[in-house]
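First comes the structure, then the notes that go with it.
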Amino acid sequence: MWSDTYHGNIEVSVYCFAVRIPDEEYSYAFKFMLYDDHLITICCKDDTGGFEITDDAYQFFLKSKEEKAKLKVKAFQLCINTIMYMDCYPECIVDGIPEDMDANSYPEKTCKLSASEDIKEIIRSGG
């Protein structure tokens with residue numbers, strides 16, 4: 001979903017989305033930010049951690065031989081290509097979790113989070 005916001009005096013268009021690619025090891029969550037001065041920043045979160053990369057840094061990492069740099073390049077390209085695909089073929093995009101997936105499909109990557117009793121007590125006491 002696109003949204004516009006301001007960072008100081010600079011207008012920023014933000015698009016957030018997640019991608020799960022069948023038969024890939026990781027899923028990705030992206031936050032694509034386009035600033036009014038045409039700077040692009042992408043925040044990427046996957047199962048191994050997260051990072052932020054600008055279009056200038058992408059050019060630098062593209063020339064690097066380091067494995068981490070190659071992963072950042074791959075994620076940047078995946079983000080841009082996914083946005084272009086969604087723009088060209090909106091009828092092929094499904095919002096939400098695919099019907100053939102449920103919590104039991106990948107039990108090793110599924111967890112349930114809940115507030116601890118200490119946190120619940122703080123909330124009950126007002127703070």
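The values are calculated or read from the model by the stated rules, or taken from the named source; none is laboratory data. For clarity, every value in this text was computed on a predicted model and none was experimentally measured. Here Cβ is always computed from backbone atoms with ideal geometry, including for glycine, and neighbour counts include all displayed protein chains. Ligands, DNA and RNA are excluded from the accessible area calculation, which covers all protein heavy atoms including side chains. Shrake-Rupley method; radii C 1.70, N 1.55, O 1.52, S 1.80 Å.
Taking each residue of segment 106-127 that is open to solvent by less than 100 Å² (accessible area, probe 1.4 Å) and looking for partners that are modelled with pLDDT under 55 with beta-carbon atoms closer than 6 Å, six or more apart or interchain, yields Thr110/Ala103. The residue of segment 89-105 that is modelled with the lowest pLDDT, among those that are open to solvent by 90 Å² or more (accessible area, probe 1.4 Å) and under 27 Å from Glu52 (Cβ atoms), is Ile97.
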